[in-house]
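Encoded as structure tokens, the structure appears first; notes follow it.
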């Protein structure tokens, strides 16, 4: 199997695993604030990653990596995890698992654009065809009647603003470190982003006026029941697959396949959260899978 196909397969696997993580995060968000949830899952994921990092990466920090690269990784983690994930949880809480996809559909086009702008990756027709099919599928899902009536404009505005900001920061944080990722292991890069992100979250919470409440939240049994599985799936397994996908294939293809997560979320929302599965959602699933197949088989 070629590295390109491995990367694309990992990107699709990342989307599937992340969809399960979203289910846990949605349940966790019903009892935890976005900041507390991000603090818990980032700390838990960082701790879980330590033995894996130690066992697989020898040395854990290679001599070939520069101080500048380490600073870039730390800033990438703070932007893409500390800030972006908190905003993502705000979006998820406001819009819900079924509707956050409206905002998330800008992920793959943004990744393709910034990869072209900052990294000089070529824009191939398969990227645009695949992205169009996936985004069309997402829009079919989220164009259901009474959307505004069910949520209200205030929730839509706050949720959408938080979601767009989260996606933008996430995209920029990963595109900026692509050259570093090409030269080093996905595990090392992931952990060198996760640890500074978790530290930054603890610093924020220590100086937060409700720090006592936040730390009590992360010690509740409910946090370990729902947020811990979400952290392991979303910020360990899915994150490693995400990083490895960008390492082995181009960012345009990986991002389109990552976008499949919203299709998986809709299906799982029906099975786990008991959200309705209408003909629109079935059509969207077919469109999304078609887009994934175009990118998966399109090459390059």
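Rule-based calculations on the coordinates, nothing more; no lab input. Given the structure is predicted, the values throughout are model-derived calculations rather than measurements. Don't worry about glycine lacking a Cβ; one is built from the backbone with ideal geometry, like all the others, and counts go over all protein chains shown.
Over the chain, what is the mean sequence separation of C-alpha contacts under 8 Å (at least six apart), divided by residue count, expressed as relative contact order in percent? Intermediate results must be reported in sequence, preceding the final value.
Working: 461 pairs, mean separation 134.0, N = 300.
About 45 percent, as a whole number.
Kindly put 205, 105 in sequence by how many other C-beta atoms sit within 10 Å of each C-beta, fewest to most.
Taking fewest neighbouring Cβ atoms as first place, the list is 205, 105.
Sorting 180, 65 on the 10 Å Cβ count, fewest up front, what's the list?
65, 180
How would 195, 263 line up from fewest to most surrounding beta-carbon atoms within 10 angstrom?
195, 263
Quick one: compute the contact order of the stretch 12-120, relative version, from alpha carbon pairs under 8 angstrom and 6+ residues apart, as a percent.
Relative CO of the stretch 12-120 lands at 43 percent.
Once every DSSP H run of n ≥ 4 in the chain is given -39500 (n - 2.57) and the sum is divided by its residues, what mean residue ellipticity at 222 nm do you get, rounded to the nearest 500 deg cm²/dmol?
My calculation for the chain gives -23000 deg cm²/dmol from helical runs alone.
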